[in-house]
Amino acid sequence: MLHQCGFVAGCDGNISVRMGRNLVLGTPTAICKGMMEPGDLVLVDMEGRQNGGGRSPSSELGMHLLYYQSRPDIRAVVHAHPPTATGFAAAGIALEEPIVAEAVITFGSIPLAAYGTPVTSELSAELGPLMPNHDAILMANHGVVTCSHDLLSAYMKMEKVEHYARIVAVARQLGPLKPLNDEQVRKLMKARLSYEGNRIPVLPELE
């Protein structure tokens with residue numbers, strides 16, 4: 001689906017699902033997501049050590065593990081390069097202004113992490129402080145990462161980030177943005193707290 005929607009090209013992007021307290025199923029390195037087969041997937045532990053699969057794990061698996069380590073409520077992480085949202089990231093523009101009610105309810109806001117070299121501790125250092133409070137993060141000059149309580153929801157959040165980025169891009173072309181006011185945002189954030197999709201419990205059944 002990431003490949004079909006044009007959110008990744010070539011071998012870009014990576015996906016993971018937490019299978020237990022110390023086990024993560026993920027996509028391997030150097031494979032097109034549109035051509036991937038179930039047997040291509042790899043298993044790693046929470047330290048990134050490979051536990052199964054014939055291919056090598058994605059070199060960007062570290063950002064997934066960091067999310068799992070900081071968020072016991074999530075079970076899936078998706079990283080991709082959706083063009084419009086990544087354009088905002090490349091321009092150094094976060095998607096934090098409250099322009100669309102649904103985006104506020106779904107994400108609160110979508111911050112921009114400062115640039116860190118992929119596959120290094122630099123990237124983790126920039127992402128880490130944002131992960132506890134955000135299900136979607138733009139990565140400057142890189143792409144987008146989303147998380148959720150299951151894989152389909154994490155993927156759908158990636159779709160929503162890109163859709164919202166397109167709306168903001170059009171709004172910027174048409175004229176000055178007209179954000180929701182503080183009271184309107186307050187009401188939406190109150191609704192967000194009770195929105196089932198954003199009130200995910202810690203998962204004690206992980207073993």
Top-ranked residue of segment 11-22 - restricted to ones that are surrounded by fewer than 20 Cβ atoms within 10 Å (Cβ to Cβ) and within 17 Å of S56 (Cβ to Cβ), ranked as farthest from the chain's Cα centre (by Cα): C11
Within segment 82-101, tally of residues that are touching a residue at least 12 places away in the same chain (Cβ under 8 Å) and surrounded by fewer than 21 Cβ atoms within 10 Å (Cβ to Cβ): 13
Residue that is farthest from the chain's Cα centre (by Cα) [pool: residues in segment 106-148 that are β-branched (V, I, T) and within 15 Å of A80 (Cβ to Cβ)]: I110
With (1) over 26 Å from E183 (Cα atoms); (2) of a type outside the set (S, T, N, Q); (3) out of contact with any helix residue (DSSP H, G or I) (no Cβ under 9 Å at 6 or more places or on another chain) as the list, and L123 as the residue in question, which single condition is left unmet? (3)
Residue in segment 106-119 that is farthest from L177 (Cα to Cα), counting only those that are surrounded by 19 or more Cβ atoms within 10 Å (Cβ to Cβ) and in contact (Cβ under 8 Å) with a residue 60 or more places away in the chain: T106
Specify the residue that is modelled with the lowest pLDDT; the eligible residues are those in segment 53-108 that are in contact with a Gly (Cβ under 7 Å, 6 or more places away or on another chain) and hydrophobic (A, V, I, L, M, F, W, C). L61
Filtering segment 149-160 down to residues that are in contact with a strand residue (DSSP E or B) (Cβ under 6 Å, 6 or more places away or on another chain) and buried (at least 18 other Cβ atoms within 10 Å of the Cβ), which residue is nearest to A85 (Cα to Cα)? M158
When residues of segment 120-141 are limited to those that are in contact with a Ser or Thr (Cβ under 8 Å, 6 or more places away or on another chain), crowded, with 16+ Cβ neighbours inside 10 Å and touching a residue at least 60 places away in the same chain (Cβ under 8 Å), the one nearest to L2 (Cα to Cα): D135
When only residues in segment 188-202 that are loosely packed, with under 14 Cβ neighbours inside 10 Å and out of contact with any helix residue (DSSP H, G or I) (no Cβ under 8 Å at 6 or more places or on another chain) count, which is modelled with the lowest pLDDT? P201
Since S148 meets every condition but one in (1) small (G, A, S); (2) at pLDDT 95 or above; (3) over 16 Å from N14 (Cβ atoms), which condition does it not meet? (3)
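The values are calculated or read from the model by the stated rules, or taken from the named source; none is laboratory data. No experiment lies behind these values; they were computed from the predicted model shown. Methodologically, a virtual Cβ is constructed for each residue, glycine included, from the backbone with ideal geometry; neighbour enumeration extends over all protein chains shown.
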